[in-house]
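As structure tokens, the structure follows; a few thoughts come after it.
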Amino acid sequence: MKKILVTGATGQIGSELVPALRSRYGFANVIACGHQRTPPPELEQAGPYLKLDIRDPAALNQIVAEQRIDTIYHLAALLSAVAEQKPQLAWEINMGGLLNVLEAARLHHCAVFHPSSIGAFGPTTPAELTPQVTIQRPNTMYGVTKVAGELLCDYYFSRFQVDARGVRYPGLISYQTPPGGGTTDYAVEIFHAAVQDKPYRCFLKKGTRLDMMYMADAIEAAIAIMEAEPGSLSVRNAFNITAMSVAPEDIYHEIKKHRPGFTMTYEIDPIRQAIAESWPNRLDDSEARRQWGFSPRYDLAAMTKEMIAGLTGQDQEKN
Ligand code: NAD
Ligand code: AKB
């Protein structure tokens, strides 16, 4: 049986990945590590939780050794918009944290999952059907850490045989935990506004098309790539994956099918708009489909239905 550590466990992905891993591999076998001293209530009841600052290699190594960890899902990071506000801190956390994780994995023989992002691409990358291997010259600190992270994971695999694997996630859409400060956050905020019968002011321009994915597909992909037969993978790291390519107005029109009174206007945030314009419109994820069977279940219509149902259910629970 695996013994898994999840860093950044209280974030948008971690808060849904931890329960999925626990139901697959056993509650006691998944240690959630968060930055906060006390976990959020949903994680506290569900299994082991430890406080960890990912910049502290001694504390990380102690946890990995004491808990006999063999697999690390490394999610602790700063996202694109926050990283642009605090570039030095983003380098420290995203790169320093990843180096600490890969070193712990080398010393204690662990496998590592590390998500890259569409943010690993830049303005000179082909924007349509962006290939698996292509130009990567991002112009954001987030992107710089994502490309360097992909390369560092490859290096640890070829030099030290650390089984480091990963995907390039698109913007992830979910309702359980708010996103952590990214450029694609509008695609989550819009649903919160819609179910509260509030108008939404979108910070990206009409026509800004980006890859997106519903969280359930993202969680399945993380588990699937870590369970894939190594022999079936030509590369370990940073597989392009996507489920839909959408602009703000596409999500708006889909929501209107369920909430006809919903309205949206645009108030552009120049920083996030510039980041979004430097990212691809649509990835080619055929290598992930071919090599380890990636196959997302949610398109825009199915995701919208689930988001509205999930958020409406949450509202009803609160009242
Ligand atoms: P998030 O911001 O929701 O969560 C990140 C977590 O890291 C937070 O809980 C935060 O407390 C923690 N953290 C920050 N600094 C830390 C530190 N010094 N020590 C320990 N923990 C620290 O992010 P997420 O959306 O869950 O993303 C997880 C990973 O997936 C990141 O690498 C991100 O780049 C990548 N990713 C996310 C998306 C997305 O849309 N959510 C898309 C592409 C890639
Ligand atoms: C962000 O917008 O920063 C993230 C991502 C796509 O990496 N959601």
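The values are calculated or read from the model by the stated rules, or taken from the named source; none is laboratory data. Treat the numbers as computed from the prediction; the structure is a model and nothing was measured. Cβ placement follows ideal geometry from the backbone for every residue including glycine, while neighbour counts extend to all protein chains displayed.
Listing for the model above:
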read-out: Selection count, region 96-128, where residues are of a type in the set (Gly, Ala, Ser), buried (at least 17 other Cβ atoms within 10 Å of the Cβ) and either within 16 Å of ligand 2 (Cβ to nearest atom) or in a loop (DSSP other than H, G, I, E, B) (or both); value: 6
read-out: Checklist (1) of a type outside the set (Lys, Arg); (2) modelled with pLDDT of 95 or more; (3) over 22 Å from the mean Cα position of the chain (by Cα) applied to Gly231, failing item; value: (2)
read-out: Residue that is within 29 Å of Ile271 (Cβ to Cβ), of a type in the set (A, V, I, L, M) and touching a residue at least 40 places away in the same chain (Cβ under 8 Å), where the choices are Leu60, Leu52, Leu75; value: Leu75
read-out: Any hit, region 155-165, residues being outside any loop (DSSP other than H, G, I, E, B), closer than 21 Å to Asp284 by Cβ and modelled with pLDDT of 95 or more; value: yes
read-out: Residue in region 195-211 that is within 12 Å of the chain's Cα centre (by Cα) and part of a helix (DSSP H, G or I) present; value: no
read-out: Filter result (in contact with a helix residue (DSSP H, G or I) (Cβ under 7 Å, 6 or more places away or on another chain), away from ligand 1 (no atom under 15 Å from the Cβ) and under 26 Å from Met141 (Cβ atoms)) within region 270-291; value: Ile271
read-out: Criterion (at pLDDT below 95 and touching a Gly at 6+ places or on another chain (Cβ under 6 Å)) met by exactly one of Gly143, Gly180, Gly119; value: Gly180
read-out: Residue within region 61-70 that is assigned by TED's automatic domain parsing to the domain that holds Lys146, crowded, with 20+ Cβ neighbours inside 10 Å and closer than 30 Å to Tyr186 by Cβ present; value: no
read-out: Near pairs, Cβ below 6 angstrom, 6+ apart or cross-chain, from region 180-193 (farther than 15 Å from Arg259 by Cβ and of a type in the set (S, T, N, Q)) to any residue that is in a helix (DSSP H, G or I) and at pLDDT 95 or above; value: Thr183/Ser80; Thr183/Ala81; Thr183/Arg272; Thr183/Ile275; Thr183/Ala276
read-out: Only one of Glu267, Glu287, Glu306, Glu277 that is over 20 Å from the mean Cα position of the chain (by Cα) and either of a type outside the set (Val, Ile, Thr) or more than 30 Å from Pro87 (Cα to Cα) (or both); value: Glu267
read-out: Any hit, region 174-182, residues being β-branched (Val, Ile, Thr) and under 25 Å from Leu89 (Cβ atoms); value: yes
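Matching residues to (1) surrounded by 21 or more Cβ atoms within 10 Å (Cβ to Cβ); (2) of a type outside the set (Gly, Ala, Ser); (3) within 21 Å of Ala228 (Cβ to Cβ); (4) within 19 Å of the chain's Cα centre (by Cα):
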position	(1), (2), (3), (4)
Met1	no, yes, yes, no
Thr7	yes, yes, no, yes
Phe27	no, yes, no, no
Cys33	yes, yes, no, yes
Gln36	no, yes, no, no
Ala59	no, no, no, no
Ala90	yes, no, no, yes
Ile93	yes, yes, no, yes
